[in-house]
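Every read-out reported here was derived from the displayed coordinates using simple, explicitly stated rules and does not represent laboratory data. Please read all numbers here as calculations on a predicted model, not as lab measurements. Positions of Cβ are backbone-derived with ideal geometry, glycine not excepted, and every protein chain shown enters the neighbour counts.
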């Protein structure tokens, strides 16, 4: 996943993050296949969140059931839920990064009681 403070791209977020399936159509058959270029660890985390949401009585489950009622298969509905969750996670990460980015006047002052690595090595060598 890209860092939340990177400049925006013209492509939609799922395409930019390589979570969208790749087209694998032939003739009249319209198919998509797995995109191996994405972040597998992030995909697994989103899958775990989505399954947990579906198992509990949450907004995620209601969203999943709405997608199923709209005619989506289980896999398609799960993919939709994962995309929605990824947008929520990304928005939260961006919000947290904006809150934690210190302004120029708000940089913390160095703590004089803190010992640096060079000082610790020097003290160890002289003891």
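Quick one: if the Förster radius is 41 Å, what FRET efficiency do residue 91 and residue 28 give, using the C-beta to C-beta distance and rounding to 0.05?
0.60
Relative to 2.2 N^0.38 Å, what does the C-alpha radius of gyration of segment 38-101 come to as a ratio? Two decimals please.
Ratio of Cα Rg to 2.2 N^0.38 Å: 1.22.
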